[in-house]
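Below is one structure, written out as structure tokens; comments come after it.
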Amino acid sequence: MNEYPAMIKLNGKIATVIGGGTIAERKVKSLLQAGANVIVISPKITKQIHDWEQSKKLTWLNKKFEPTDVNDSFLVIAATDQHDVNKNVREAVNEFQLLNIVDDPVASNFIVPSSFRQGQLTIAVSTSGASPSLAKKIKTELMEKYDETYAEYITFLQQCRSEVKQTVKDPQVRRQILKKLLDDEFIELTEAGNVIERHRRYLTLLKDKIKKGE
């Protein structure tokens, strides 16, 4: 089974999570971070989900699942430990809705990879359900390499890219500048907190490339 990797924009979309345990909590957290309008359906919920509900970050329906609960949902996650409930959820969705059954990737039409964020950087790892433990292990290793420094570094790259697009007309020169910004010296200066020197070197690079007309 070969999945097509994609980043889905959920801002303002209805995402329904069936289940209120720890697994559901993790799913809800990531959906809230993505800006989805989250609805949780479960007779019982964790304290964290309850806190989110109290602060009006989501809607909690204190009830058992019914097929009509997902009529308006863009995305549905079945996160219960009850096989019959998960089966009912699968039968309730239509072919145009996104469905993830946490313990049955084959019956799902999308899976949620193990992922983490550093600002605008998102790194996701998937084994297509073969070994979630391995995916988590690889994610942990990547988190050590791509730490919080990269959040600031990527913001810097974004600002530079915007300025270069407005300042440099030659596409080849633009590519050269943006490629040079990926050199280790710029991330090292970010790690050291020396943003003034980092910016100075960027401006020197920019002026030099424009002057030479390379």
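Computed from the coordinates by the stated procedures, all read-outs in this text should not be read as laboratory data. The model shown is predicted, which means the values in this text are computed figures rather than measured ones. Ideal geometry is used to build each Cβ from the backbone, glycine not excepted, and the neighbour counts take in all protein chains shown.
The figures follow:
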| quantity | calculated |
| --- | --- |
| Amide H within-cut-off set for Asn194, under 5 Å, with H built and near neighbours excluded | none |
| Distance in nm between pseudo-label sites at Ala34 and Lys47 (7 Å out along the Cβ direction from Cα) | 2.8 nm |
| Amide H contacts under 5 Å for Val40, placed H, 5+ residues apart | Val17, Thr59, Trp60, Leu61 |
| Overall form of region 77-118 per C-alpha gyration tensor (a/c, 1.5; a/b vs b/c) | oblate |
| Sparse-neighbour loop sites [GluC sites (Glu not before Pro); region 1-103; at most 14 other C-beta within 10 Å; DSSP] | Glu3, Glu95 |
| J(HN,Hα) series, region 16-30, from Karplus relation 6.51 cos²θ - 1.76 cosθ + 1.60, nearest Hz, glycine and proline x | 9, 10, 9, x, x, x, 5, 5, 4, 4, 4, 5, 4, 4, 5 |
| Local net charge near Leu189, Cβ-Cβ under 13 Å (Lys/Arg +1, Asp/Glu -1) | -4 |
| Entries of Lys63/Lys136; Lys13/Lys165; Lys44/Lys87 with Cα pairs more than 27 Å apart | Lys63/Lys136; Lys13/Lys165 |
| Whether region 149-212 is rounded, prolate or oblate, judged on the alpha carbon gyration tensor where a/c under 1.5 counts as rounded | prolate |
| Which label in [x] 20.1; [y] 17.5; [z] 17.9 gives the computed Kirkwood radius over Cα pairs in Å | [x] |
| Low-density loop cleavage sites - trypsin sites (Lys or Arg not before Pro) in region 1-40, where at most 11 other Cβ are within 10 Å (DSSP) | Lys9 |
| Cross-link partners of Lys64 among aspartates and glutamates (Cα-Cα below 15 Å; sequence separation of 8 or more within a chain) | Asp81, Asp84 |
| Value of relative contact order over the chain, rounded to a whole percent, pairs C-alpha under 8 Å and six or more apart | 13 percent |
| Cross-link pairs beyond the 32 Å C-alpha cut-off, checked among Lys9/Lys211; Lys145/Lys179; Lys47/Lys139 | Lys9/Lys211 |
| Residues of region 172-207 with amide N under 15 Å of a point placed 7 Å along Cα→Cβ from Ala151 | 191 |
| Per-residue Cβ neighbour rank within 10 angstrom, fewest leading, Thr204, Thr190 | Thr204, Thr190 |
| Label-zone membership for region 134-164, site Val195, 7 angstrom Cα→C-beta point, backbone N under 16 Å | 148-161 |
